[in-house]
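Notes to accompany the following structure.
The values are calculated or read from the model by the stated rules, or taken from the named source; none is laboratory data. Note that the coordinates shown come from a computational prediction; the quantities given were computed from them, not determined experimentally. Positions of Cβ are generated from backbone atoms using ideal geometry, with glycine treated the same way; all protein chains shown enter the neighbour counts. Quick note on the areas: whole protein, heavy atoms, side chains included, nothing else; ligands and nucleic acids left out. Shrake-Rupley method; radii C 1.70, N 1.55, O 1.52, S 1.80 Å.
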Amino acid sequence: MLTPMGSLFAELARRASTNARREVETYVREIPELGSLDMSSRARAETMEYSVWFRRRTVELAPGNGMLTDDDLGYIASMGEVRAGTGMSLDSRQRVLRVHTELMLREINEATEAQRGGDLDELMRIMGWFAPQGERGIGAYRRGFVTVMRRRMPYVEQVALLAQALLSENGAAQELAQVADMELAESYTVLVIRVPDRSPGDRELDNDIEALVKTYQVPMTWYPEHDGDATGGTTGRGRGGELVALVPDPAPDALPDLAPDPAPDPARRLAPDLLPDVVPDLLRDFADALGRPCAAGTATAPLTGLAEAFDRARRISRAAPLRRASTRLRPHTLADVFVELAVTEVPFVDDWLRTTARRLESGPDLFVTLDAYYRHDMNRGPAAAALNIHPRTLDYRLRRVRELTDTDPGSTHGVRLFSAVVARDLSGAWR
C-alpha cells in the first residue's frame, strides 16, 4: 500500500532512523545491563537495525491493518533470545519492553503534532493496529527470552526465580512458571524454615535443596540470614537463613464440602491455616538433611496475597521453637504462636519475660521440663516419660519453678506466663 507523502505514516517513515537511534541511546542511559551497547559496535548495530526495522514494519502494516507475519514474530523472538543470551535479568527485560512501548507512543504523538494535528482517521488506524500487534510482538519477544532461560539456567535456579517472583507478586511469575515447567496454583501455603547461624564446618545445603526441589516440584528458594529482602539465590547457604517453599493448596473441588461463605471477611486472612499434607513431609526431609534444630512457620494466601503471607510466615518462624526433626518439629501457624508474636511487638513485655527466664536458669533443666509439661497438656505421666524421668522428679522440678518465681506452673497464670517464656527461649530470641 502506497502511503501519501504528507500523511502521518510518511512522517513516521521519515523519522524511523532518528527515532531508532533515540531508543538505543535511551537503553544505554536508563538500563545498566544495556550499557554494553556503548562498548560493542556490533551489539549496537544489531539493536539499531532491529529498531529501524520495527518502525518501518509498523509503517508498512498499520495503514491496511496488516498482521505481523510468522517471520516477523520469529525475528522479534530472536531479539528476545539475544537479550537472554547475554544474561539480562527479567527486571531489565521488562524495562526494555516498557521503554520501547513508551517511545513508540511518543513518536506517534510527535508525528501527529508535526502534521499539525494530522488526519484523525490515520491516527485511529495506527493506534488500532499498535495495541493488538504490539501485544503479539511482546509475546514473541518474551517467548524467545524464556526459551533461552530454560536452556541456559540450571533447574534449581529457575525454580528459585519463580519462588521469588511469587513472593514479591511480580508479574513475571507466569513466564517463570513456563520456564520451570510448573503450573501456577490459585493459592499457596508459604512455608518458611528458619535455620540459625551455622558454623563454618557445616556442610553446604545446595545439594539438599536441589534434591527437595526435584522431589517436591514446588517453587522454592533460599534467603541467606540478614538478607531476607534481597533476591535470594544460591549464595550464603553455608550460613544461617531461611528455606522458603510455596506449596500449592488443593483445588477447591478436592476439598470436603463446606457451607458457602457469607460476605468476604478481611479477618479470614488471619484464620488458622489448613496445611497441605506435603508441608510436614517437606519440612521433615529438610530437617533430616540439616541435622540440627530449625523452626518453621506457615501462612496461606491466594496469588495476590503472597507477599503478605510470606511476611506472616517469616514472623511465625521466628517466634516458633527451634527443634530437631526427631523432637516433634512441625510447621507452625498463627494459631500456635499468636501470643509470642504479640510479645515481640512490645519490648517491655519481652524484657519482663526475659527476667522471669533468668530466674529459671539455675535449673535443673527447668525449660525442657516446662516444655514437655505443656506439650503433654500438663499430664504428669506422659510428660515424665517424654523426659525419661520419674514422675516424682518432674514434681520436684515443678516445685522448683514455683520456688524460684512464686508462680505455680499448673495455675492459669503459670500456664500463660511460662508457656510464653519457654516458647521465647526455645525460639532462640534471647541468645
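General observations
- For the chain, the share of accessible area belonging to carbon and sulfur comes to 52 percent (1.4 Å probe, ligands and nucleic acids excluded).
- Taking the range 1-122 and dividing mean pair separation by its residue count, relative contact order in percent (alpha carbons under 8 Å, at least six apart): 42
- Whole-number percent relative contact order across the range 274-431, with pairs defined as alpha carbons under 8 Å at least 6 apart: 23
- Over 17 Å [Cα-Cα, the range 301-375], rounded percent: 60
- Label zone at residue 307, where the point sits 7 Å out along the Cα-to-Cβ direction: the range 154-185 residues whose backbone N lies under 15 Å: 164-173
- Computed from phi, the 3J(HN,Hα) profile of the range 133-149 under the Karplus parametrisation 6.51, -1.76, 1.60 (θ = phi - 60°) reads 6, x, 5, 5, x, 5, x, 5, 4, 5, 4, x, 5, 5, 4, 6, 4 Hz, with x in place of Gly and Pro.
- Accessible area per residue in Å² at 1.4 Å probe, computed on the range 267-364: 50
- Every Cα-Cα pair of the chain was included, and the share exceeding 30 Å stands at 58 percent.
- Taking packing as the residue-averaged number of other Cβ atoms within 10 angstrom, the listed peptides 39-48, 139-148, 93-102 run from highest to lowest as 139-148, 93-102, 39-48.
- Pair residue 120, residue 182: separation of 7 Å Cα→Cβ label points (nm): 5.2
- Value at 222 nm in deg cm²/dmol, rounded to 500, when DSSP H runs of n ≥ 4 in the chain each add -39,500 (n - 2.57): -18500 deg cm²/dmol
- Summarising the amide proton neighbourhood of residue 332: residues at separation of 5 or more, or on other chains, whose placed amide H is nearer than 5 Å comprise 296, 297, 298.
- Take the Cβ atoms of residue 65 and residue 30, set R0 to 41 Å, and the FRET efficiency comes out at 0.80.
- Förster-model FRET efficiency, 25 Å R0, residue 395 and residue 349, C-beta, rounded to 0.05: 0.25
- Cα-only Debye scattering, the range 335-431: base-10 log of I(q)/I(0) at q = 0.13, 0.17, 0.20, 0.25 Å⁻¹: -0.41, -0.71, -0.97, -1.42
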